[in-house]
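Data first, discussion second: the structure below is written as structure tokens.
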């Protein structure tokens, strides 16, 4: 059965959420921005926040804040749907983004204990149920001025009508429709590009799933890469190169007979790419390489070192993130999930 709800949006090749079809809350114009107004609310949390220079402090910026509860004043409290990930994040450079059923974004200026939100856009996927209620309240919260405070329990936000309690979130993996086995993730200082790669199975179909972003606090771009059935000929090195800050994430499948993979740049020494066994289903390679290598080769080698296959790669265009799903991947996507 094809996954539904928020999990569906991660199916496909590279998807830059921030450039998806956008819709404003004002139906008269697709990208009209809302007007920010001050409402002067007093925080009820234990420790009142203090931002300076318009940006949030380090303890708030760059963190995935998951909505634990959100409520409209005088109405019942709504908890985040456990099957879906509802998060808010601040990029530390005057912007915010959030995911519920849809993705949304805008600006957020911190002035002392106040956040002046300026809602800009959101994607236009139809939503129902609990996640739709949470999203509607989140849109209202990020379309107004709110106070903020932080404590050991997490982050508290409150506008004149909506209040929310948030806590640090974990992995970006979807919580419904998939069972994902993590394979590799970035291990940096928390200020550079990030990625997470895992694999998932549906019946006899197997795919790699990945998330990437250029810096903490930015929305995740996500996609899937088919392993079984293959994207192309099994005699080729089926691979995908994804922009990742000043580097690129390279993923692919070892062709039959290959036991290791090498990256061979035009200048410099070859390096072995990391490989992973998918529980006997297939062997894949996942690695991060310098985006400035220019044209290079990925070669598949047998246990004896014989050349089995080779393919030339080049640094991917930044436009790749905004590209539409290739026709062959769209056909594969419909087939694997039996749409």
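In terms of the Cα gyration tensor, with a ≥ b ≥ c the square roots of its eigenvalues, is region 103-166 rounded because a/c is under 1.5, prolate because a/b exceeds b/c, or oblate?
Here region 103-166 falls in the oblate category.
Kindly put 263, 208, 307, 116 in sequence by how many other C-beta atoms sit within 10 Å of each C-beta, fewest to most.
Exposure proxy ranking, most exposed first: 307, 116, 263, 208.
If you average the C-alpha positions of region 223-293 and of region 294-309 separately, how far apart do those two centres end up, in angstrom?
Going from one Cα centre to the other spans 11 Å.
Can you tell me the order of 232-241, 96-105, 215-224 when each peptide is scored by its average per-residue count of other Cβ atoms within 10 angstrom, highest first?
Per-residue Cβ counts within 10 Å, averaged per peptide and sorted highest first, yield 96-105, 215-224, 232-241.
For residue 304 and residue 192, what does the FRET efficiency come to when R0 = 45 Å and r is the distance between their Cβ atoms, rounded to the nearest 0.05?
The value I calculate is 0.75.
Going by average Cβ density within 10 Å per residue, which order do the peptides 267-280, 160-173 take, highest to lowest? Could you put the intermediate results ahead of the total?
Details: 267-280: 12.6, 160-173: 18.4.
So the order, starting with the most tightly packed, is 160-173, 267-280.
Quick one: order 195, 178, 210 by neighbouring beta-carbon count within 10 Å, fewest to most.
Values: 195 22, 178 18, 210 28.
Ordered from fewest to most neighbouring Cβ atoms within 10 Å, 195, 178, 210 come out as 178, 195, 210.
Based on the mean of other Cβ atoms within 10 Å per residue, sort peptides 72-78, 247-253 so the most packed one is first.
My ranking of the peptides, most packed first, is 247-253, 72-78.
Read-outs throughout are calculated quantities, based only on the coordinates presented, and are distinct from any laboratory measurement. Bear in mind the structure is a predicted one, so any value in this text is a computation, not a measurement. Every residue, glycine as well, gets a Cβ built from its backbone with ideal geometry; the counts of neighbours run over all protein chains shown.
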